[in-house]
Amino acid sequence: MSRWQDAIDAAGKLPEYMIVDGQRQSGSRAERIEVYDPGSGLSLGSVPVATIDEVDEAVQAAKRALTGPWSVLSPKDRGRMLWSIGERIRENVERLALIETLDCGKTLQDSTITVERAVDYFSYYAGIVDKLEGTTIPLGDSKVCFTERVPVGVTGHIVPWNVPISTFARGIAPTLACGNTAVVKPAEDTPLTAILLAELMQEAGLPPGVVNVVTGYGANTGQALTEHPEVRHITFTGSMNTGKAVMTAAASHVASVTLELGGKSPHLVLKDADLDRAVPDVLKGVFKNAGQICSAGTRLLVERPVHAELVSRLVDGANAYVLGHGLENPDMGPLISARQLQSVAGFAERARERGLSFCAGGNPVTVETCEGGNFFEPSIVDNVSSDDELAQSEIFGPILSVIPVNDLDHAIEVANDTAYGLAAGVHTLDVSQAMRFAKAVEAGQVFINGYHGGSDAVPFGGMKDSGIGREKGLTGLDAYSQIKAVTISM
Ligand code: NDP
């Protein structure tokens, strides 16, 4: 265990405060949230639980910042500021990745990629700030009409625990690009990199109050932020039920929302697919980040002629997975918390009670040298019926449900047979089959012959109960600016 304590010590002093109006704040409540390393169970310190008044202070700071030095930066200088923030993050990739791994358990390699992704969001949006043009609208010779994009105001960001740093940057970079200010509430389990990012932004020159971070529980601090009448837009990533609560809170003061609410994404393998490519892709599609990814391909739909061979190869692959502490770059790290482990184990237990059996994994597991960690085996259940809980609910853990299908039409029917519509994948060498699937599947993004291939430039978001709105890419700017039309009568 002491090696994990040594690693925690090597990360340096971890933040135990919030950032409001450019100041570190320790909060007025005696109650604090203890933060744990999910790989070892060791404490990383604690953060405050912001009261309603402290959330209000943060919103007021963000509101003041809307008319301060931030508001008079020229678009070119605002773009330069975003670029500098990206560069400041880049200079700290190693430390941020280490802390992200300690905070949320993902492998160091994945944490490094997500910190680099955070850099990408700032550099991508840095380049667009001075190109946010309006339009002119023809109204005849006696009138001139033009539109411009103006900021929406203070934006609220509720960030989940599964990919904390890049989810933070995915919302903050475009909101700053559009000239807004922000208050962020990170997940209670993973607050650390949000606080550090807010400080790095100030070091890069961002004026105080432009980005504030309040820590606390979702049900009080998070709700206070979403209910605040001066928050004009809320970006939320998390579960469907909380998303509905966020939307209700936003409705109380007519704020707009971007909701990214997870999925139960189908990954289809047709009989002509190159199985050498499909096998690692299906495994990575479901087991990356221990299955704690909203767009994970958790339902494998496989055409019957290749069903037995594919499942046998996937079982071999899953059984070969090495589990361990994220800092050791294993194939798979721990789940975020004991609570999440219990939730995933509950899905497995109920599946067994319904008569399903696991052909790989299916149980919590103790990993040598990580006795306090929250590990669950990479798991596969074959012949799951499409209406089973395993095929319908977002488990957010490493469980793959296999559903055999007769042909493409049957696959499309099964693929669309959930409330969700976030992502989908297909493996086939027949481009017509791939395109028929891509057009028919109800999903915000479709991957052909390669799952999880997104980038900062590709719009991301869900259909049906997977959410509202799109993040990333140029489309991601729409949530953070509003159109003003000006008509001049001559
Ligand atoms: P939640 O949806 O409850 O939490 C996501 C974020 O919302 C966290 O920052 C949380 O804060 C905050 N929050 C919680 N309640 C409120 C509220 N009433 N008002 C405003 N903010 C709130 O997810 P859980 O962490 O409870 O995880 C449960 C399940 O949700 C997972 O098993 C998974 O299925 C799904 N999930 C999906 C994610 C995705 O990427 N789509 C991400 C995370 C979870 P706090 O952490 O302090 O409670």
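The values are calculated or read from the model by the stated rules, or taken from the named source; none is laboratory data. Small disclaimer: the values here were computed from a predicted structure and weren't measured. Neighbour counts run over all protein chains shown; Cβ positions are idealised from the backbone, glycine included. To get the accessible areas, we keep the full protein, side chains included, count just its heavy atoms, and leave off ligands, DNA and RNA. Shrake-Rupley method; radii C 1.70, N 1.55, O 1.52, S 1.80 Å.
Structure notes:
- In the range 131-154, residue farthest from the ligand (Cβ to nearest atom) [restricted to those that are within 22 Å of His253 (Cβ to Cβ) and hydrophobic (A, V, I, L, M, F, W, C)]: Val150
- Screening the range 240-258 for residues that are surrounded by fewer than 20 Cβ atoms within 10 Å (Cβ to Cβ) and β-branched (Val, Ile, Thr) and picking the one that is farthest from Pro164 (Cα to Cα) gives Val254.
- The number of residues in the range 1-21 being under 30 Å from Ala182 (Cβ atoms), part of a loop (DSSP other than H, G, I, E, B) and not acidic (Asp, Glu) comes to 6.
- Strands (runs of 3 or more DSSP E) enclosed by the range 108-193 - at least 1 residues per element that are surrounded by fewer than 24 Cβ atoms within 10 Å (Cβ to Cβ) and of a type in the set (Asp, Glu): 143-151
- Taken as a whole, the structure places Thr237 among residues that are within 21 Å of Lys472 (Cβ to Cβ), crowded, with 21+ Cβ neighbours inside 10 Å and not charged (D, E, K, R).
- Residue check, Asp409 under 17 Å from Val302 (Cβ atoms) and acidic (Asp, Glu): yes
- Screening Met81 on (1) touching a Lys or Arg at 6+ places or on another chain (Cβ under 9 Å); (2) more than 21 Å from Ile158 (Cα to Cα); (3) buried (at least 20 other Cβ atoms within 10 Å of the Cβ) shows it passes everything except condition (1).
- Restricting attention to the range 21-35 and to residues that are surrounded by fewer than 21 Cβ atoms within 10 Å (Cβ to Cβ) and within 14 Å of the ligand (Cβ to nearest atom), the residue that is farthest from the chain's Cα centre (by Cα) turns out to be Glu31.
- With respect to being outside the structural domain of Leu327 (by TED's automatic domain parsing) and out of contact with any Phe, Trp or Tyr (no Cβ under 9 Å at 6 or more places or on another chain), Ser46 fits the description.
- Within the range 51-78, the residues that satisfy the criterion of being of a type in the set (Asp, Glu) and open to solvent by 50 Å² or more (accessible area, probe 1.4 Å) are Asp53, Asp56, Glu57, Asp77.
- Pairs, first part of a helix (DSSP H, G or I) in the range 213-227, second near the ligand (Cβ under 7 Å from one of its atoms) and at pLDDT 95 or above, C-beta under 6 Å, six or more apart: Thr221/Lys185; Gly222/Ile158; Gly222/Lys185; Leu225/Lys185; Thr226/Val246; Thr226/Ala249; Glu227/Ala249
- Residues being among the polar types (S, T, N, Q) and more than 12 Å from the ligand (Cβ to nearest atom) - total across the range 316-345: 2
- Summed over the range 201-234, residues that are more than 8 Å from the ligand (Cβ to nearest atom), polar (S, T, N, Q) and either under 13 Å from Pro160 (Cα atoms) or open to solvent by less than 30 Å² (accessible area, probe 1.4 Å) (or both) total 2.
- Total residues in the range 155-167, condition out of contact with any Ser or Thr (no Cβ under 7 Å at 6 or more places or on another chain) and either more than 15 Å from the ligand (Cβ to nearest atom) or free of Cβ contacts under 8 Å to residues at least 60 places away in the same chain (or both): 0
- Residue ID - nearest to Gly476 (Cα to Cα), chosen from residues in the range 246-280 that are in contact (Cβ under 8 Å) with a residue 12 or more places away in the chain, of a type in the set (Gly, Ala, Ser) and within 16 Å of the ligand (Cβ to nearest atom): Ser256
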